[in-house]
1. In degrees between 0 and 90, to the nearest 10, how far off the longest principal axis of the chain does helix 486-501 point, with axes built from Cα atoms?
2. First compute the accessible area of the chain with a 1.4 Å probe, then give the percent of it belonging to carbon and sulfur atoms.
3. Quote the relative contact order of segment 4-244 in percent (integer), defining contacts as alpha-carbon pairs under 8 Å separated by 6+ residues.
4. For the chain, find the longest principal axis of its Cα atoms and tell me its angle to the long axis of helix 259-271, 0 to 90°, nearest 10.
5. Need one number: nm distance between label points at residue 205 and residue 228, each 7 Å from Cα along Cα→Cβ, rounded to one decimal.
6. Rounded if a/c is under 1.5, else prolate if a/b beats b/c, else oblate: with a ≥ b ≥ c from the C-alpha gyration tensor eigenvalues square-rooted, which is the chain?
7. Choose one of 280, 218, 145: the residue whose Cα lies farthest towards the positive end of the charge dipole of the chain (beta-carbon charges +1 Lys, Arg; -1 Asp, Glu; about the Cα centre).
8. Work out the FRET efficiency for residue 268 and residue 7 from their Cβ-Cβ distance, taking R0 = 35 Å, and round it to the nearest 0.05.
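The values are calculated or read from the model by the stated rules, or taken from the named source; none is laboratory data. Keep in mind that what you see is a predicted model, and the values were worked out from it rather than measured. Cβ coordinates were reconstructed from backbone atoms using ideal geometry, including for glycine residues, and neighbour counts include every protein chain displayed. For the accessible areas, the whole protein counts, side chains as well, though only heavy atoms, and no ligand, DNA or RNA atoms are used. Shrake-Rupley method; radii C 1.70, N 1.55, O 1.52, S 1.80 Å.
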Amino acid sequence: MAIVEPIPSESGPRRLRISSPLDGQPIGEIEVADAEQVRAAVARARAAQPAWDALGFDGRAACLRRALAILLAKQEEYMPVIMRETGRSRVETIMMEMFPACDSLGFYAKNAKKILADRKVPLHLLRNKKMVVAYRPLGVVGIITPWNGPFILALNPTVQALAAGNAVVLKPSEVTPFSSRLVADLFHEAGVPADVLQIVEGDGETGAALLEAGVDKISFTGSVRTGRKVGEACGRNLIPCTLELGGKDPMIVCADADLERAAGGAVFGAFMNTGQFCCSTERVYVVESVADEFTRRVLEKVQALRQGREGEYDLGPMIWPQQLDLIERQVDEARAAGAKVLCGGRRNPELGELFYEATVLTDVTHAMSIMRDETFGPVLPIVRVRDEDEALRLANDTTYGLSATLWTKGDTKAVALAKRIHSGSVCVNDSSLTYGVLEAPFGGRRTSGVGQVNGETGLRGYCFAQPIVLDRFGVKEEQVWYPYTAEKGALLQKIMRWVWGTPLGRWMS
Ligand code: NAD
């Protein structure tokens with residue numbers, strides 16, 4: 001089944017037909033924006049941005065608040081679009097898309113002014129000066145997004161870029177364009193001018209064109225493979241970027257963990273959004289003494305999951321057919337190499353072409369791709385380990401470093417263990433929820449990404465911090481100004497000896 005199909009045509013712009021992963025039925029068509037259209041969109045955004053900046057924090061926050069009110073009022077209208085495009089259940093759509101979208105709008109409407117207010121910074125040495133750091137918008141931000149959270153992953157960076165005073169050109173995934181279109185509809189209805197937020201629709205060609213269209217920053221969320229291309233282009237064009245990429249998130253279950261909670265967290269962490277979540281639990285390391293009991297509880301919970309396509313259900317289909325092929329390859333390869341399939345491990349054709357059953361594996365090793373490469377699907381491999389040290393060694397034996405979860409008792413022990421995990425974030429005794437904690441700087445290490453999004457760090461990343469140094473006393477001239485004389489050199493050396501050569505000087509500087 002193809003979810004995105006080119007529509008044959010002799011002439012005119014390329015067009016794509018998008019179908020639903022639930023039943024393969026067409027949803028609609030999009031036209032692929034070419035390089036010229038993308039450049040024109042960026043030019044319009046650049047012209048519109050100064051007026052948006054001039055609105056100030058209060059004016060922009062008012063737009064965000066209006067968007068929040070509209071979203072609350074229109075969620076029932078928006079959700080069917082997202083559910084049809086992703087195959088997700090209603091509850092999951094509320095939890096993964098609507099709820100965090102409201103939170104993002106509310107949080108930045110309330111806090112952007114405070115986070116981006118001019119900061120007076122006292123100077124340690126030049127006491128005859130003072131400094132203000134101003135957070136100025138970058139200009140036009142290009143945002144490129146994936147299909148696994150088509151509304152929230154387009155909305156959240158857009159909220160931040162707009163709140164900081166930028167104009168935005170958004171290139172959503174060609175797999176889920178209609179969910180992302182809602183983001184533009186929402187902001188436009190809330191009063192954000194059309195040219196301040198524009199969508200350019202299309203596939204990789206459109207994304208690549210945006211990288212070359214003269215934007216001032218790229219915020220990219222997607223795969224490692226595409227992330228490398230984005231990073232290369234941004235490097236060549238000398239523009240900043242954040243790259244939010246894939247992961248192979250480990251879960252460590254210590255002997256003192258609450259096993260019932262850990263088993264529930266493993267199942268939710270691995271199967272939420274049918275495993276199509278960047279911070280999905282992709283591998284579990286459980287200490288030997290509790291491994292049997294933990295695995296038994298996991299299995300019991302997985303077998304109770306309801307896979308479906310209508311009404312109330314827990315797991316839907318895969319959104320992107322190529323991903324299903326990859327999952328099948330990984331599981332089949334692991335099985336052939338000796339892994340034990342405790343449940344699932346096969347498609348579920350009774351429901352539709354893109355359904356794959358919730359799968360639990362044991363007897364897996366790090367020689368298998370299921371333990372090395374991102375799966376991005378409903379598969380949970382469980383590994384028994386001798387102790388916590390072995391769990392940490394294996395958890396860190398990866399090229400990725402997005403997020404991790406740790407299940408144990410006691411904050412002191414948890415924080416000490418968490419610091420030894422090479423990941424962008426760690427959640428203790430819960431599945432990975434850091435992206436939803438807006439105060440948290442979120443990002444990946446190693447191949448999982450570059451830079452951080454969300455919160456103070458993320459919001460400031462949509463600005464350049466402009467230090468403005470002011471003179472305090474207005475004396476006629478500075479000591480070091482021309483002409484250079486031996487006396488001036490001697491005076492500077494005397495100051496150096498006092499500042500860094502005496503206890504009082506070191507204390508005062
Ligand atoms: P993808 O890399 O295939 O596509 C992402 C976006 O990039 C799409 O809009 C696509 O059209 C565009 N694109 C493709 N080629 C391009 C090019 N040459 N130049 C510019 N843009 C181009 O990723 P995907 O399959 O849509 O998403 C799944 C991946 O996203 C998974 O690896 C997942 O882990 C990752 N992801 C990461 C996070 C995070 O926050 N770290 C969040 C969600 C998803």
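1. Roughly 50 degrees, rounded to the nearest 10.
2. Answer for the chain: carbon and sulfur cover 56 percent of the accessible area.
3. 24
4. The two axes meet at around 90 degrees.
5. The answer from the label model is 2.4 nm.
6. Verdict is oblate for the chain.
7. Of the options given, the answer is 218.
8. About 0.35, to the nearest 0.05.
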